[in-house]
Amino acid sequence: MTNDKLKTNKGGRPSVFKEEYIEETRKLATLGVNEEDIAWFFHVHPNTFKNWKKKHLQLLAALKKGKADRNVSLMKAMFENATKRHNASVQIFLAKNWLGMTDRQELLHTGDEKKPVRLVLEDYKNNNNNNANSKS
């Protein structure tokens, strides 16, 4: 075998990658299909799909575009749900995630400043069950 043949033949099976997989990958990613399931959709192992992403940059770009399109579509739907349908749960979720709002609990200490504060946090449900059991 000549040196030229050694350089071109890396061994292993020939790739089953097809150009149409690029657009199909974008569509599947837009629907929220994860990368492992996309690989199995093309009848290849997830490691093969990972290698394809390295070798075929258009495939990687299509995957990223599909995920971005899915996220934009989801954000639009959530925003519409919060603003037009006045869904309080979605409004709270968006306020926390987009505006950085949080649920806060404040603790006011009004005791002797020289004495340490002792906080005891207990599970309310378990505490009430224990109190009920100890009374009987």
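Looking only at the stretch 28-48, residues that are in a loop (DSSP other than H, G, I, E, B) and under 14 Å from SER15 (Cα atoms) come to 4 in all.
In the stretch 91-102, the residues that are β-branched (Val, Ile, Thr) reach residues that are assigned to a helix (DSSP H, G or I) and surrounded by 12 or more Cβ atoms within 10 Å (Cβ to Cβ) with C-beta atoms within less than 7 angstrom, at least six apart or across chains, in these pairs: THR102/LYS96. State yes or no: is MET75 outside any helix (DSSP H, G or I) and modelled with pLDDT under 95? In short, no.
Figure legend. Inter-residue proximity from the stretch 1-28: first residues farther than 20 Å from ASP69 by Cβ and modelled with pLDDT under 55, second residues small (Gly, Ala, Ser) and not in a loop (DSSP other than H, G, I, E, B), beta-carbon distance below 7 Å, spacing 6+ or different chains. No pairs are indicated.
The values are calculated or read from the model by the stated rules, or taken from the named source; none is laboratory data. Note that the coordinates shown come from a computational prediction; the quantities given were computed from them, not determined experimentally. Glycine also receives a Cβ, built like all others from the backbone with ideal geometry; neighbour counts cover every protein chain displayed.
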